[in-house]
Amino acid sequence: MSYDALVIAAHADDAETQMGGTLAKLTDRGQHILLVDLTDGEPTEFAEPGIRAAQALEAARILGVERCNLGLRDRLLQDTPETRLELARLIRVHQPRWAERYRCPNRNPGSSSDSSSRTARWSRPGRSSHSPWT
């Protein structure tokens, strides 16, 4: 399926807390959004295992978006060629008009994962006669 946007975040609650209102407005206007969670956020000290995943599914339902999880390990998340290739594969398969990636607000600014987790935006050229997908 082709999506208007892919929103990529480390944890299931990152996209909702940082742009939940925007996601709701976009889906109300007929946009198809896929949230891509890199990890399931486990283990967490705030809830029993599985609670975060259930909350993520409920949030997706309320916002009117779809969600997938890459299943990477939360506290061992790193910027690797394999992770980049998997994200590139998702972008090629779904051919979004734009993609958004969010840095987890819990990360320490000096942590090793910070350099790969900065907010980044990518958009497909809209007025070009050349398709980036061919």
For a quick protection proxy, order the peptides 90-101, 17-28, 46-57 by their average other-Cβ count within 10 Å, most packed first.
-> 90-101, 17-28, 46-57
Given backbone amide H placed at 1.01 Å from N, residues whose amide H is under 5 Å from that of L38, ignoring those fewer than 5 places away on the same chain, are A9, A10, H11, L70
Karplus-derived 3J(HN,Hα) from phi for segment 83-91 (6.51 cos²θ - 1.76 cosθ + 1.60, θ = phi - 60°), whole Hz, x at Gly and Pro, runs 5, 4, 5, 5, 5, 4, 4, 4, 5
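Any read-out appearing in this document is the output of simple, stated calculations on the displayed coordinates, not a laboratory observation. A quick note: this is a predicted structure, and the numbers were derived from the prediction, not measured. All Cβ positions, even for glycine, are placed from backbone atoms using ideal geometry, and neighbour counts span all protein chains on display.
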